[in-house]
Structure formats: structure tokens, C-alpha cells
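The structure appears below as C-alpha cells.
What follows is calculated from the coordinates using simple rules that are stated; it is not laboratory data. The model shown is predicted, which means the values in this text are computed figures rather than measured ones. Don't worry about glycine lacking a Cβ; one is built from the backbone with ideal geometry, like all the others, and counts go over all protein chains shown.
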Ligand SMILES: Cc1ncc(COP(=O)(O)O)c(C=O)c1O
């Protein structure tokens, strides 16, 4: 056995154990897409989807993608430098206008948008300051930048969503330029970033604020343009990064900033320059959803909020702990790995998918089921899920908080 096999065996011990106990929850094979999917021939209501406005499978979105396949096929076989289409440029212009920013650049994924932006902006004169709960794309962009020989930035973390802690870090930073990286909505906890406070602090310390609004775009603000609109901060957040992989029906990254930042990133971000261009069918799908948001944003967003409020009220009344959530992302905190996995399996057997999030995704004691309410869920979907989580929440002592017996019992 090579050292790689030894490493794989050692590192996958927990995966093997979960498979043996038949509670392994990942890589389930969907036989159709969407909030209502099929797995192993059975209908499943998916509460872990990020299709928050339920538009991904809209017939108009599919039709636009099909038309783009006819025109451009599925790929452009090169990076944007030599494979930019009028569709890419048109979408970037419209996104900038809708989000209320001077300029926009699209990437092939949101992950790449963040990694590329951090790497393009940070250097040895920069301190990168991250929320302790930063998404992997922020962490990876930071660590890549820090690893650049002789040009690496200083890296500091502040306590999750704490303006006080951010201020302390800004006061004690060692480099002259500060880039502060936070999120509009934290995807595992469903809590909104305190962006108004961060804007004020960044202004005082001459720091540049970057907000990853992957989960707020299309879900927050009257029109759905995100956390900046929701908090009335238009023109006050210099850089927003977002994605097409939630509300915009496909895959792709969005960078919103002024022309100088966009031009710098466009000409220096390695994840942009050295990776293939976003396929035009995906551009067409996002573009169609953008039209729906332009025409009907407030109604779409308000429907999502009504459904989220219903689910929140029912789950809270039943006694569930929804952690720090104050959005449509409302984790059911189980606070023990086995309870979380057992809940997941029982719900799945009854046709409801709520993906378990366990260590190392979250700290030990903070295990939870991922519950995302979307506009695509029907009243019946929500009522079915609520009844089932109540039943199994009691059966597995998530409600009541008692210890669950050992596996071997
Ligand atoms: C907060 C956050 N940022 C960025 C991303 C990456 O987006 P994408 O799926 O487009 O790579 C995600 C998606 O998981 C996310 O949750």
C-alpha cells in the first residue's frame, strides 16, 4: 500500500464508520433536478437546496439555455481573455445596473470569483481580516494569497459577526492596507452579517470591505438585490461577490465593484485568467432569471419571506432551536452527531431531505440539519416536513435535549 492509500484509509475512518452504520448522508444520486427530486426511484422534497426563489427549473430558463446550446454549444474551449461573448458582456452590464454597482465581472464559479479577487487585491502591504466563520472560498483565497513568495499579506481573524472584535484587529494590524472579508448571510447558521456596523468601522479605519452575498442575492432587500439593499447601504459597500449557483439557476461567480477594481481583477485574477469561460447556456439561464427579478423581484422575494416566516413560526413553536438564524436559512440544531444523522436518515426514508452538517463542517456540539426554505416549496411540502421533524425530533431527543443512547446499545 502506498502512503497515499495509508493516508486515505486513516483520514476516511469516520466516513467508513458512517457507511457501516448506514447513516452516510452524502453524494446521494438525484435522478431529476430541483427542490422536488427523485432518489432511487422515490420522490424527495429537498430542504437543502439553494434554489431560493425556485426559478432554476422554470420553463423560460430551460428554453433560454437550450437556445444558447444551439448557438454556442456547451463550452467555448478557452478562458474569457479569448472567449468572451456578447452574452457575457450584456449580462455583466445588466447585473451591475440591477445590483446598483458601477461595474461587474462574471467568473466561472463564485468560489473562483472570491479566490481571484482576494489574490488580485492582496499583497505584502495588505492585512486580510476574516470573520471566524468565513466560507471556504474566502479562506482559500486568503491562504493562496498568503503563500505567494515575498508578497504574502498578513492574515487575521475576528470573532464571528463582532464589530468590536473587528475594530481591535484593525487597530493592531501590521500592514497599511486592510481588506475586511465578511458575508451577507452565513450559509450554515443563516444569520445576517452586521454589515452596517462593518461599513462604519471600515470607513473609520480606511479599510476596504468585501461582502460575499452568495445567499443574500435574490433573497434580501425589497427587490432582492441583497444585504446592501436590505440595510439601505447602497453606495457604501465597495465590493460584493456573489454567485449564480443559488438564485440564478446555474453556476458562475459575480464580482461587483467600481471600474478600477473590476479592471484590475479582470487583468490579474488567476482564477479568472486561467480557467475556462462561463458556458453561454449558463449565462442565458442567469440572464433569464435576472429578467424575472427585474420585472417581478419584490413579489418573488416576498413570497420567499412569507414561506420562511411560516416555517420559522412552526418550528419554533414546536420547540426547535434554530441557532442564530434570522433568514430563510434555518438550521435545526441537534447538537449531537448521532441525533443529526439519525434524524437525517429517518426523514429521508419518509421523503424529506435535510442534509446533516457535522464536524468538521461545524464545531462538535453544533451539529445540525440544513434547512433552507425556498419559494419553490409548497404549503404541503412545509407541513409534511414540519410533522416529520416533530415526530423524529421527539423520537431522537432533539426536542427535550436528552442524551441519545450509544450506537452499540
Ligand atoms: C458563502 C458562499 N460563498 C461562495 C460560494 C461559492 O459559490 P459557487 O457555488 O458559485 O462556487 C458559496 C457556495 O457554496 C457560498 O455559500
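Going from the residue with the fewest nearby Cβ atoms within 10 Å to the one with the most, 138, 66 rank 66, 138. Taking the inverse of the mean reciprocal distance over all distinct Cα pairs, the Kirkwood hydrodynamic radius of the range 248-312 comes to 14.5 Å. Volume per residue for the range 56-201 equals 153 cubic angstrom (convex hull of Cα atoms). Principal axis analysis of the Cα atoms in the range 148-228 yields extents of 42, 28, 21 Å, listed in decreasing size.
In the range 79-278, Cα pairs under 8 Å separated by at least six residues give a relative contact order of 29 percent. When the helices of the chain are scored as -39500 (n - 2.57) per DSSP H run of n ≥ 4 and the total is divided over every residue, the value at 222 nm lands at -13500 deg cm²/dmol. Note on the chain: percent of Cα-Cα distances in each 10 Å bin, starting at 0 and stopping at the bin with the largest distance, equals 5, 21, 29, 27, 16, 3, 0.
Here the contact order of the chain, divided by its residue count and restricted to Cα pairs under 8 Å and six or more residues apart, works out to 22 percent. The gain in end-to-end length when the residue 296 to residue 136 segment is fully stretched comes to 54.4 nm, 0.36 nm per residue minus the alpha carbon separation. On a C-alpha basis, how far is the centre of the range 302-381 from the centre of the range 62-93 in Å? Whole number, if you could? Each part reduced to its Cα centre gives a spacing of 37 Å. Work out, in µm²/s and without decimals, the Stokes-Einstein translational diffusion coefficient of the range 312-409 at 10 °C, 1.306 mPa s, Rh from Kirkwood over C-alpha pairs. My calculation gives 117 µm²/s for D. Here 21, 164, 390, 339 are placed in order of increasing Cβ neighbour count within 10 Å, fewest first, which gives 164, 21, 390, 339.
Ordered from longest to shortest, the equivalent ellipsoid semi-axes for the range 1-102 are 38, 23, 16 Å, each the square root of 5 times a Cα gyration tensor eigenvalue. Inter-label distance, residue 14 to residue 70: 5.0 nm, where each label sits 7 Å from its Cα along the C-beta direction. With R₀ set to 41 Å, the beta-carbon distance separating residue 90 from residue 394 gives a calculated FRET efficiency near 0.15. In terms of surrounding Cβ atoms within a 10 Å radius of their Cβ, 119, 330, 292 rank from fewest to most as 292, 119, 330.
At a Förster distance of 56 Å, what's the computed FRET efficiency of residue 276 paired with residue 384, Cβ-Cβ distance as r, to 0.05? Plugging the Cβ-Cβ distance into 1/(1 + (r/R0)^6) gives 0.85. The stretch between residue 268 and residue 22, if pulled fully straight at 0.36 nm per residue, gains 83.9 nm over its current Cα-Cα span.
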